[in-house]
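> This is the structure, below, for whatever I ask next.
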Amino acid sequence: MTSTTPPRRRRQLPTTEELKIWRAFIETAESLRSELSARLQNDSSLSTGDYSVLLALSEAEGERMRSSDLAAAVDWERSRLSHHLGRMERRDLIRRENCATDNRGAEVVLAPAGAEAFRGATVPHLRAVRELFVDALTPDQLAAAADFTEALRASLGKTGSR
């Protein structure tokens, strides 16, 4: 009897060489993230979380977003975002207002001090990105990095995870 279902491939574990590449990738990405975070904090007194929220708000129509949309934009759980927004609100970087179109919802609004902090942080942050990432790679390596990240994103999209 023949089967129309292809035989199951046994999932293989990564090879030693593949694990070396994986570990180098993870450790390098963490070092890069840590250095960028430290520089951002030192240059602007903003955390990477602050910067992510301010960036999303600065790009939003009217510099405001519903909390649920903001959580999706920065890829955080809503409870994490809520706690972080409380800290940002105490520093006058954002305001939370009732949603004009829906009484059940709240909108997060970029406050003037938040807009100023974001503008002041952006140029030094982008210079650090250039120095630590862009300038460390050749044009061919940068193009390969674009291909590499696109392949990973596509693969993650297929599995339903982010």
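> Report whether or not TRP22 is within 30 Å of ARG130 (Cβ to Cβ), part of a loop (DSSP other than H, G, I, E, B) and among the hydrophobic types (A, V, I, L, M, F, W, C).
no
Matching residues to (1) farther than 19 Å from LEU55 by Cβ; (2) in contact with a strand residue (DSSP E or B) (Cβ under 8 Å, 6 or more places away or on another chain); (3) of a type in the set (Val, Ile, Thr):
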| position | (1), (2), (3) |
| --- | --- |
| SER79 | yes, no, no |
| MET88 | no, yes, no |
| ASP92 | no, no, no |
| ALA106 | yes, yes, no |
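> Here are some conditions: (1) of a type in the set (D, E, K, R); (2) in a helix (DSSP H, G or I); (3) modelled with pLDDT under 95. GLU27 meets all but one. Which one does it not meet?
(3)
> Checking GLU97 against (1) modelled with pLDDT under 95; (2) out of contact with any strand residue (DSSP E or B) (no Cβ under 6 Å at 6 or more places or on another chain), which test does it fail?
Failed condition: (2).
> Continuing with the same structure: Residues that are touching a Gly at 6+ places or on another chain (Cβ under 8 Å), of a type in the set (Asp, Glu) and surrounded by 10 or more Cβ atoms within 10 Å (Cβ to Cβ): does the range 91-107 have at least one?
Yes, the range 91-107 has at least one match.
> Okay, next question. Starting from residues that are surrounded by 15 or more Cβ atoms within 10 Å (Cβ to Cβ) and in contact (Cβ under 8 Å) with a residue 24 or more places away in the chain, keep the ones in the range 61-73 and report whichever is nearest to CYS99 (Cα to Cα).
ARG66
> Sticking with this structure for a sec: Check off (1) out of contact with any Lys or Arg (no Cβ under 7 Å at 6 or more places or on another chain); (2) surrounded by 13 or more Cβ atoms within 10 Å (Cβ to Cβ); (3) under 19 Å from LEU36 (Cα atoms) for ALA136 and give me the number that stays unchecked.
With (1) out of contact with any Lys or Arg (no Cβ under 7 Å at 6 or more places or on another chain); (2) surrounded by 13 or more Cβ atoms within 10 Å (Cβ to Cβ); (3) under 19 Å from LEU36 (Cα atoms) applied to ALA136, the lone miss is (2).
> Inside the range 101-149, can you point out the residues that are β-branched (Val, Ile, Thr) and part of a helix (DSSP H, G or I)?
THR122, VAL123, VAL129, VAL134, THR149
> (1) polar (S, T, N, Q); (2) out of contact with any strand residue (DSSP E or B) (no Cβ under 8 Å at 6 or more places or on another chain); (3) surrounded by fewer than 17 Cβ atoms within 10 Å (Cβ to Cβ): which one isn't true of SER58, the others all being true?
So the condition that SER58 fails would be (2).
> While we're looking at this one, here's another question. Would it be correct to say that ILE21 is β-branched (Val, Ile, Thr), free of Cβ contacts under 8 Å to residues at least 60 places away in the same chain and exposed (fewer than 11 other Cβ atoms within 10 Å of the Cβ)?
no
The values are calculated or read from the model by the stated rules, or taken from the named source; none is laboratory data. This is a predicted model, so every value here is computed, not measured. All Cβ positions, even for glycine, are placed from backbone atoms using ideal geometry, and neighbour counts span all protein chains on display.
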